[in-house]
Amino acid sequence: MKLTIVKLSSLSAQDLNDLAKIWPQQQAADWQRWINEQGMIFAARFNDRLLAAVKVSVNVTQGTLRDLTVREVTRRRGVGLYLLEDLQQQLPEISHWSMDASSEESVLHAFMQACGFHLTAGQWLKTRPA
């Protein structure tokens, strides 16, 4: 099966199980509340399993990414890069992307740079050319 990027609008029992592996410190009610009130969740799906996910909020032409996580067993295979690239294609109206850069992980820093983001004042930023 092919890796696909999906916008989650309702969460199946399998989605809940997979998201618990992606975000073990969060609860199912948090994810559903995020979808209902604050934004979207995009996830990378392969063989009916979610391998990575990110929360997205949108304000006109600005998109904010939160909690970008790829499951440990799936890292370094291009899943995170594909997730970010595809969600940007699915939301072409967004020209300015940002994500908090509070994490000190050097691997995350290298990953975000590889995805075309640059670090400015504690934020990862990416502007799509006009």
Can you run phi through the Karplus equation (6.51, -1.76, 1.60; θ = phi - 60°) for the stretch 66-81 and list ³J(HN,Hα) in whole Hz, with x for Gly and Pro? 9, 6, 5, 9, 10, 4, 3, 5, 10, 5, 6, 10, x, 5, x, 4
Two-decimal ratio, the chain, of alpha-carbon radius of gyration to 2.2 N^0.38 Å: 1.01
Between the stretch 79-105 and the stretch 1-57, how far is it from one alpha carbon centroid to the other, in angstrom? 15
Leaving out ligands and nucleic acids, and using a 1.4 Å probe, what accessible area per residue does the stretch 5-47 come to in Å²? 52
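Mind checking the full-extension length gain between Thr120 and His96? Use 0.36 nm per residue of separation minus the Cα-Cα distance, one decimal, nm.
That pair, Thr120 and His96, stretches by 7.3 nm at full extension.
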Ignoring everything except DSSP H segments at least 4 long, calculate the 222 nm mean residue ellipticity for the chain; use -39,500 (n - 2.57) per segment, divide by total residues, nearest 500. -8000 deg cm²/dmol
Ignoring any ligand, DNA or RNA, what whole percent of the accessible area of the chain comes from carbon and sulfur when the probe is 1.4 angstrom? 51
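The values are calculated or read from the model by the stated rules, or taken from the named source; none is laboratory data. For clarity, every value in this text was computed on a predicted model and none was experimentally measured. Note: areas computed on protein heavy atoms with side chains; ligands, DNA, RNA excluded. Shrake-Rupley method; radii C 1.70, N 1.55, O 1.52, S 1.80 Å.
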